[in-house]
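Since the structure comes first, as structure tokens, the remarks are kept for the end.
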Amino acid sequence: MIFLKRIEAFGFKSFAEPVVINYDFAMTGIVGPNGSGKSNITDAIMWALGEQSSKSLRGDSMEDIVFSGSSDRKGLNMAEVTLVFDNSSRAFKTLDYNEVSITRKYFLTTRESEYYINNSQVRLKDVQEVALETGLTKSSLAIISQGSISNFVESSPEQRRRLFDEAAGVAVYKKRKEDAVRKLSRTQDNLDRINDIINEIERKLPTLKRQSIKAKEYQNKFNELKSIEVAVLVKDIQLYKQRAKELTNQKFELKNLIKDLEKNISIRSEQNKQISSKAFENDKEISLLNKEFESIVENIGNLKVAKVNLESKKRTSEIDDKEFKISDLKSKAKQLEDKLKSEEQKLAKLLVEKISKRESLDEHSKNRYFLNKEAEVLRKEIAKVESFLETIIQRKNSLEGLFEGVKNIIENKKVLPGIIGTVQELINVDQKFETAIASVMQNATQNIVAKNSNDVKIAIEFLKKNNAGYATFLPLDNLTASYLPNDIRFAVQNLDGFVGFANQLIKIEKKYQIILDYLLANYIVVENYDNAIETAKTIKFKYNIVTLDGQRILPHGAVVGGSRKVKNTQLTDNTKIKSYEEKKLELENQENNKNQKINFINNEIEKLREEQAEIQTSYGASNKTKEQLEKQLLEIKDEYRVLTGKDLDNDEQQFQSLDEQIISMSKQILDYETKKEEVQQKLNVIRNLKEKAIEKQNVLNESLEEERKLLSAYKDNYQKINSDHTLIVHKKETAVERLSENYNLTFEAALETNEANVEDETKTREKIKQLRSEINSLGNINFDSIEEFEAENERYQTYVEQSNDINDSINNLKDAINEMDEQMTIQFKNIVKDANSALPVTFSTLFGGGTAQIVYTNPEDILTTGIDIKISPPGKKIINLNLLSGGEKSLVALAVLFSILKVKPIPLVILDEVEAPLDIANVERFAKYIKTFTSNTQFMIVTHRMGTMENCDVLFGATMQQKGITKLVQIKLIEAKQLSNTN
Ligand code: ATP
């Protein structure tokens, strides 16, 4: 059989010139002297089939395979070998061609090889796979050197089995198994690495999981707590706000009550004082009147004694009894008439007085009526002013109409350093400028004045943190004024209708003037539109002008005008409050004045009434006295008529000097009596007045006492309400703070977002408590653990999946290896078994008798078992292989080789001087025996032995006619003999 049809070599080792060897016969002998290049042919075959080991090619490096030059010839740069195979029996199963050429080229410059199958460039791997199919590899059964033949017997059973591995065709499996095992090891390493990671994650995961569950639990509880606590806080805040409003109203009402009561008490105290001072005056008057009274009584007494003396003196005079009686009657009548006359005069006087008092009373009553009416009007006016004041103050204090951010800053002014207030809180705008100022200031009234820019920074952070809106701030340390140029100021001041510069028309504390200078210094205020246009023309439409009714001319000429609602501006609030307070004070003074007058009139009326009563009493008494006197006079007149028979009224009355004296004295006594009565009357009036004053004072003191008590009660109540109010405001602030601190919400935001419904408040509050304590008992929370756990867990799952996949692939690999092992075992066993069956024949053929057997050194493990050969040469017992001679050893090896070839023919076998140790007879036997295999196997035999040469179909001679350059030619046996002999 011919398998390798041709070898073409050029540049390979000693083939410095192109060499072509055509194989036309099954058994080719190659002869030639040592070093002529015979073995280079085998090397060329192995190299072309992809051999990578330079050692196997008997070199140090791959460059050594390129012709390196000889004494006569330069070295070459490349080597090329082509093998041409007959593939009609499809020895190359994978190549569906009848002829297959395999080429390898090597370039010194690049130190790289190129491979070609049937002239198409392929990869090394492709060539190696094809080579495996031929069995033509370095350790192969197909290339057998003398060394390997003698080694076969001497080597260990494990090395020996390689031959059977080759023959069994398990090399492919072995290579695959090696790959698989390498892969398995790599995969196992990978798995170990992944398992290490998995272990590491598994160590961390439980803690992370615990932490993450705890963090989630915290979040859930916190969210639940948030939803219900925000609802409760919102409800609380609403309630507190409502309650605070109620308490403010109560405070306001109580304050008014207290004020009124204090006013009353002060009025009553004043009255009390007046009464006391009046009482003092009365006492003084009483004392004077008493003295006068006493002196009158004394005078009366003296006169009465003198009169009695005169009367007794008259009795002791010479006049008779009748005369005396008549004279006495006359004198008494005269006295009675005088008394009567005096009494009548008194009555007339009293009547006049009575009328005068009546008139005075009427006059005073009338005055008092009007004064009361005036006081009433004043009181109404005061109430009106107070109500105005209350409205303005309440509006000023309420934060209605402020932008959200501004409102939140002002509400939290207490906790924000350096916040002074809004612009509108600081300015006083006169009513007449309100419209003009409102139109230029607009929202700037809500700018917040702060001490410095750092305070502003804190306030802005507060707004940001609480998501509480925005505001414009005016830090006093930053502001600079935008004054108009002096020439413009001078020019406009002299124009018609100029009112002023806006910053100067508003009142503000001096330290804040910069705010107005900053906001308004370049606004010119004029009276009306026409003035505005004139002014604008003068300043060439460069600056802002505003009219008193709010029309504006902007720089460059735009006009903003129309009707502006200024109702809700609070610009004039401060001015209004001041003016109303002044007005209230003025009205209160007026009311006081009226009240004093009314008081005075009241006292006068009282006094008049007292006097009137006294006059009435005196008048009654006097009338009675008059009647008695008339009666007495009538009696005396009757007695006189009885005694004299004459009518006393018609009788000429003649009085002696004593009588005259007595009458005169009586008259004096009478005068004194009248005077005494008058004094008495006065005393009575004053005493009554005093008594009444005391009574009044008592009543006054009682009511003062009551009012003072009431006042103290009101004040206590006010204190209580005030502290309740403070408490409620504090509670509200705490709730607002809690919203902001715990949930980062302002009240308004909470109100908007709050959806929870608080049905059972007690239960909800208990739930809040419970959730808080549950959250507290959770201890430290690692919020990152949620994400970390998820990431680690995902990583863990991924690695576990990978580990499973790797395990699967390990199992697959192991299965594959097992399968390969099984396959190898089967194939190995088969070849051993088959070779064993052929061995006795081949052995006895080569030895000329005897027998041999192949045995496993470890039959339990076919995959690793070594191979032993038990032989019994002809006429000898089974002996130890090592005891054989060199030739015998070669014969044993050849017997085994031929047994294998018998049962597993291979297409090409190269034998390199394998028969060298044999004796001539055995060489002959050997050569002949080979011949029996040539129908299935092509042999290429490098030999020096004649017996072999003689049996070859064709012989090639290797010579080096040119030094260092191999030349191959077909030669005849005789030439071969000569060539061998030259060796
Ligand atoms: P023997 O009968 O002693 O085994 P041989 O005929 O088998 O000898 P080879 O071993 O085939 O001889 O050839 C060796 C020869 O090849 C040597 O002369 C060596 O110098 C030559 N040779 C080997 N490599 C190169 C090379 N790269 N360049 C030139 N000559 C080389």
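Of the numbered conditions (1) more than 11 Å from the ligand (Cβ to nearest atom); (2) among the charged types (D, E, K, R); (3) buried (at least 22 other Cβ atoms within 10 Å of the Cβ), Lys13 fails exactly one; give the number of that condition.
Exception for Lys13: condition (1).
Can you say whether Ile533 is closer than 14 Å to Val423 by Cα and part of a helix (DSSP H, G or I), as far as the supplied structure shows?
So Ile533 fails the test.
Filter segment 16-32 down to residues that are over 26 Å from Thr937 (Cβ atoms) and within 12 Å of the ligand (Cβ to nearest atom) and give me whichever is surrounded by the fewest Cβ atoms within 10 Å (Cβ to Cβ).
Glu17
Out of the residues in segment 54-72 that are of a type in the set (D, E, K, R) and exposed (fewer than 12 other Cβ atoms within 10 Å of the Cβ), state the one that is nearest to Asn40 (Cα to Cα).
Lys55
For segment 705-724, check the following and say yes or no: at least one residue is free of Cβ contacts under 8 Å to residues at least 12 places away in the same chain, among the basic types (Lys, Arg) and either within 28 Å of Ile296 (Cα to Cα) or surrounded by fewer than 17 Cβ atoms within 10 Å (Cβ to Cβ) (or both).
Scanning segment 705-724 turns up at least one residue that is free of Cβ contacts under 8 Å to residues at least 12 places away in the same chain, among the basic types (Lys, Arg) and either within 28 Å of Ile296 (Cα to Cα) or surrounded by fewer than 17 Cβ atoms within 10 Å (Cβ to Cβ) (or both).
When you look at Phe67, is it within 11 Å of the ligand (Cβ to nearest atom), out of contact with any helix residue (DSSP H, G or I) (no Cβ under 7 Å at 6 or more places or on another chain) and either basic (Lys, Arg) or at pLDDT below 95 (or both), yes or no?
yes
For segment 91-120, which positions are more than 22 Å from Asn936 (Cα to Cα), in a loop (DSSP other than H, G, I, E, B) and among the basic types (Lys, Arg)?
Arg111
Is it the case that segment 859-866 has a residue that's touching a residue at least 24 places away in the same chain (Cβ under 8 Å), on the phi > 0 side of the Ramachandran plot and surrounded by fewer than 16 Cβ atoms within 10 Å (Cβ to Cβ)?
Looking through segment 859-866, none of the residues is touching a residue at least 24 places away in the same chain (Cβ under 8 Å), on the phi > 0 side of the Ramachandran plot and surrounded by fewer than 16 Cβ atoms within 10 Å (Cβ to Cβ).
For segment 297-347, which positions are small (Gly, Ala, Ser) and either without any contact (Cβ under 8 Å) to a residue 12 or more places away in the chain or part of a helix (DSSP H, G or I) (or both)?
Gly301, Ala306, Ser312, Ser327, Ser331, Ala333, Ser342
Per-residue answers, yes or no, for (1) of a type in the set (Asp, Glu); (2) closer than 30 Å to Asn593 by Cβ; (3) at pLDDT 90 or above:
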| position | (1), (2), (3) |
| --- | --- |
| Ile326 | no, no, no |
| Ser331 | no, no, no |
| Gln335 | no, no, no |
| Leu347 | no, no, yes |
| Lys354 | no, no, yes |
| Ser360 | no, yes, yes |
| His364 | no, yes, yes |
| Tyr369 | no, yes, yes |
| Glu374 | yes, yes, yes |
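Do you know which residues across segment 54-64 are more than 9 Å from the ligand (Cβ to nearest atom) and touching a strand residue (DSSP E or B) at 6+ places or on another chain (Cβ under 9 Å)?
Selection gives Met62 alone.
What are the pairs, 6+ residues apart or on separate chains, where a residue within segment 923-949 that is of a type in the set (Gly, Ala, Ser) has its Cβ under 6 Å from a residue that is at pLDDT 90 or above and within 16 Å of the ligand (Cβ to nearest atom)?
Ala927/Thr948
Evaluate segment 418-427: report whether one residue or more is more than 27 Å from Gln504 (Cα to Cα) and surrounded by fewer than 18 Cβ atoms within 10 Å (Cβ to Cβ).
no
Which residue is surrounded by the fewest Cβ atoms within 10 Å (Cβ to Cβ), if the candidates are limited to segment 33-53 and must be within 11 Å of the ligand (Cβ to nearest atom) and assigned to a loop (DSSP other than H, G, I, E, B)?
Asn34
All but one of (1) closer than 30 Å to Ser439 by Cα; (2) acidic (Asp, Glu); (3) touching a residue at least 24 places away in the same chain (Cβ under 8 Å) hold for Glu591; state the number of the condition that does not hold.
Status for Glu591: all satisfied but (1).
Considering only segment 396-451, state which residues are under 26 Å from Thr726 (Cα atoms) and either of a type in the set (Lys, Arg) or touching a Cys at 6+ places or on another chain (Cβ under 8 Å) (or both).
Those that are under 26 Å from Thr726 (Cα atoms) and either of a type in the set (Lys, Arg) or touching a Cys at 6+ places or on another chain (Cβ under 8 Å) (or both): Lys396, Lys407, Lys413, Lys414.
Looking at (1) touching a residue at least 40 places away in the same chain (Cβ under 8 Å); (2) in a helix (DSSP H, G or I), which one does Ile30 not meet, given that it meets all the others?
(2) is the only condition that Ile30 fails.
Any residue that is crowded, with 22+ Cβ neighbours inside 10 Å, of a type in the set (A, V, I, L, M, F, W, C), over 20 Å from Gln121 (Cβ atoms) and within 12 Å of the ligand (Cβ to nearest atom) - is there at least one of those in segment 76-97?
No, segment 76-97 contains no residue that is crowded, with 22+ Cβ neighbours inside 10 Å, of a type in the set (A, V, I, L, M, F, W, C), over 20 Å from Gln121 (Cβ atoms) and within 12 Å of the ligand (Cβ to nearest atom).
If you check Leu700, Leu739, which single one turns out to be among the aliphatic types (A, V, I, L, M), assigned to a helix (DSSP H, G or I) and over 17 Å from Ile237 (Cα atoms)?
Leu700
The values are calculated or read from the model by the stated rules, or taken from the named source; none is laboratory data. The model shown is predicted, which means the values in this text are computed figures rather than measured ones. Neighbour counts run over all protein chains shown; Cβ positions are idealised from the backbone, glycine included.
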